[in-house]
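The block underneath contains the structure these notes are about, expressed in structure tokens.
No value in this document is a laboratory result; all are computed from the given coordinates. This is a predicted model, so every value here is computed, not measured. Here Cβ is always computed from backbone atoms with ideal geometry, including for glycine, and neighbour counts include all displayed protein chains.
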Amino acid sequence: MKTIPYGHQQIDGSDIASVVRILKSDWITQGPRVEQFEQAIAGYCGVKYAVAFSSGTAALHAAYAAARIGPGDEVITTPMTFAATANAIVYCGGKPVFADIQENTLNISPEAIKKKITKRTKALAPVDFAGHPAELDTIKKIAREHNLLVIEDAAHALGSEYKGKKVGSFSDMTMFSFHPVKAITTGEGGMVVTDRKDFYRTLKAFRNHGLIRKPERGAWYYEIERPGYNYRISDIQCALGLSQFQKLDRFVKTRREIVRRYNQAFRNISEIILPVEKAYARSAYHLYPIRLRLELLKTGRRKIFEALRNKGLGVQVHYIPVHLHPFYKKTFGYKKGDFPIAEQYYERAITLPLFPKMISGEIRAVVRAVREIIARYRR
């Protein structure tokens, strides 16, 4: 039985041809396609600068480093995210401070953020969970009141909109991911967009060992003022990214149409809670997470999860709250019960398949399986 994955890339002949052209060219890395890809994403988001990296995690690390996060500094973020959001703070020597989420959007709560700010807080790191933008205006206002930076993790949200503007145009720095299950892919890859020239220069140096060229002292000459990493992305990857970028709006439209069909099919199933889209947002719908009303079911999440997998659905759970991982418990003293809304969501969540390549038969198969399994375990 073929499994329908929760996410999947869509690669066509034009994507393959774009990569082949680069393989036949003089530049396969550190060439012109990298800057062209950066300019395309910056223009799409309506910002001045973009810097591409080898992964979204590398891009986050660079953003925190550009913000001068270091030992003793705190960055407030959400526990409901992939661990890279917090891990990259740790790479810089900082402390991730978690704030609980909103029950409807599953994004970080601005009111919870306010309660976590201390004299050690240096930045806020909201995450646009599943593609739905966080309350970016409110978060930015809180940041300005306390002289903090906003480093937005928009790994899920390329193509999303907040109050009619593209995500990427609100925060001091915004990170996107180009992993295969994301809106568009470069295989692996990430990017930081910003309007600040100082951040742009620091990000570019950080991805290339900290190297700063000074041609006035010779074409060969460079200096390292602050060590960086080899976080470069190749022209091969960026050629794929540029080709994929041409399809971004179509991919988002397709995702939203699949969500519309899911919402229509599941709207009367009282045992599940569907994703919410607020009036101020237009989600790119990276994920379609449902929540089980366990009080209406005669079994737990795991049995339903496994039953759906047995039906050929590659369902997933996004995510185990970061504060519950052993490292964060041991290192920072977090424990179960610290963030009850995030924990309750996790205990009830199942992510259903959603990707642009899905065909109608696969969508119908998902709907049929969910209805059947829920009916089987209904009280």
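Given H placed 1.01 Å from N in the peptide plane, which residues other than close sequence neighbours of residue 98 have an amide H under 5 Å from its amide H?
Under 5 Å from the amide H of residue 98 lie the amide H atoms of 77, each far enough along the sequence or on another chain.
Give me the net charge for the shell around residue 113: Cβ to Cβ below 10 angstrom, other residues only, Lys and Arg +1, Asp and Glu -1. Please list the in-between numbers first.
Values: positive: 114, 115, 116; negative: 100, 111, 135.
Around residue 113, the surrounding residues sum to 0.
Taking the beta-carbon count within 10 Å as an exposure proxy, list 324, 240 from fewest neighbours to most. Numbers along the way, then the final one.
Working: 324 18, 240 26.
Ordered by Cβ neighbours within 10 Å, fewest first: 324, 240.
Can you work out the FRET efficiency for the pair residue 48 and residue 332, with r the C-beta to C-beta distance and R0 = 35 Å, to the nearest 0.05?
On the way: r = 36 Å, r/R0 = 1.02.
Efficiency, rounded to the nearest 0.05: 0.45.
For a footprinting-style exposure proxy, rank 301, 267, 213 by other Cβ within 10 Å, fewest first.
Details: 301 17, 267 9, 213 14.
By the 10 Å Cβ count, ascending: 267, 213, 301.
Could you go through segment 184-190 in sequence order and give the Karplus-derived ³J(HN,Hα) for each residue, using 6.51 cos²θ - 1.76 cosθ + 1.60 with θ = phi - 60°, rounded to whole Hz, and x for Gly and Pro?
9, 10, 10, x, 10, x, x
Counting Lys +1, Arg +1, Asp -1, Glu -1, what net charge surrounds residue 280 among other residues with beta carbon under 13 Å of its beta carbon? Don't jump to the answer; show the numbers that get you there.
Values: positive: 163, 165, 278, 282; negative: 128, 135, 137, 161, 277.
Local net charge: -1.
Compare 319, 328, 288 in a GNM of the chain, Cα atoms joined below 10 Å, and give the one with the largest fluctuation.
328
Counting only other residues whose beta carbon sits under 12 Å from that of residue 58, what net charge do I get with K and R as +1, D and E as -1?
Numbers: positive: 207, 232; negative: 188.
For residues surrounding residue 58, the net value is +1.
Please give, to one decimal in nm, the separation of the simple spin-label points placed at residue 30 and residue 3, each 7 Å out from Cα toward the Cβ.
For the pair residue 30/residue 3, the computed spacing is 4.0 nm.
Which whole-Hz ³J(HN,Hα) couplings does segment 120-130 yield from phi under the Karplus relation 6.51 cos²θ - 1.76 cosθ + 1.60, θ = phi - 60°, glycine and proline marked x?
8, 5, 10, 7, 10, 10, x, 10, 8, 5, 6
Quick one: which residues, 5 or more positions from residue 222 or on another chain, have an amide H under 5 Å from its amide H? H modelled 1.01 Å from N in the peptide plane, none for Pro or chain starts.
Sorted by chain and number, the residues that satisfy this are 214.
Whole-Hz ³J(HN,Hα) for each residue in segment 167-175, computed from phi via Karplus 6.51 cos²θ - 1.76 cosθ + 1.60 with θ = phi - 60°, x for glycine and proline: what do you get?
Result, rounded to whole Hz: 4, x, 9, 10, 9, 4, 9, 10, 9.
Students often get this wrong, so try it: which of (i) 1.01; (ii) 1.60; (iii) 0.97 is Cα Rg over 2.2 N^0.38 Å as calculated from the structure shown?
(i)
Using Cβ counts within 10 Å as a stand-in for footprinting exposure, how do 290, 304 rank, fewest first? Please report the intermediate quantities before stating the final value.
Working: 290 20, 304 23.
Ordered by Cβ neighbours within 10 Å, fewest first: 290, 304.
Need one number: % antiparallel among DSSP beta bridges in the chain, to the nearest 5.
On the way: 27 of 43 bridges.
Here the share of antiparallel DSSP bridges comes out near 65 percent.
Once you put a point 7 Å from the Cα of residue 16 and another 7 Å from the Cα of residue 256, both along the Cβ direction, what distance in nm separates them?
Those two pseudo-labels are separated by 3.1 nm.
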